[in-house]
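Right, one structure below, let's go through it.
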Amino acid sequence: MNPQIQNDFLKLIGIAITDQRVIQIKHNSIWRTIEPYMAGLHKETQVPSLYGFCRDVIPTLYKENDERWQIFRFTEIEDIELTYYEFQPHLGYTGKYESIQPAYIKLAPRS
C-alpha cells in the first residue's frame, strides 16, 4: 500500500474516532458501514489495521462471538468515506483489545 494512502486512511479514521462518526469502507470490493473504535498495528502481523463494529452484519443468535466486531487490514481497504452519522460507544467496549498493539488512536470507553 502506498504510504500516502495509508496516512490518508489513518487521518480520516482518526477524525472518525475522535468525533465518534460512522465511516464507510470499501473492503475487498464490498462497501461496509463501520463504527471505528481503534486503529494501530495488528499484534501478530504488524500490519496497520482498523478495529470496528460493523453495522451491516446481521448478528447471530446462537454463537458465542459477536461477528460484528471485526479487524480490517489497511491493505484490504480500497476506499474510506466519513459519514455525518454519529455513534455512542457500545457498553461492552472496554478500550482494550489485545490484537491491536500498539494502538495509534482509540476511542475511550463510556464512563
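The values are calculated or read from the model by the stated rules, or taken from the named source; none is laboratory data. Note that the structure is a prediction, hence the values are computed from the model and not measured. Ideal geometry is used to build each Cβ from the backbone, glycine not excepted, and the neighbour counts take in all protein chains shown.
Points to keep in mind about this one:
- The set of residues from region 59-81 being under 21 Å from residue 96 (Cβ atoms), of a type in the set (Phe, Trp, Tyr) and modelled with pLDDT under 90 comprises just one member, 69.
- Region 1-44, subset free of Cβ contacts under 8 Å to residues at least 12 places away in the same chain and not in a helix (DSSP H, G or I), residue surrounded by the most Cβ atoms within 10 Å (Cβ to Cβ): 31
- For region 87-111, the set of residues classified as acidic (Asp, Glu) and either modelled with pLDDT of 90 or more or surrounded by 14 or more Cβ atoms within 10 Å (Cβ to Cβ) (or both) is empty.
- The residues in region 20-58 that are under 17 Å from residue 7 (Cβ atoms), among the β-branched types (Val, Ile, Thr) and modelled with pLDDT of 95 or more can be counted, and the count is 2.
- Residues of region 87-111 satisfying the condition of being charged (D, E, K, R) and either over 14 Å from the mean Cα position of the chain (by Cα) or not in a strand (DSSP E or B) (or both): 96, 98, 110
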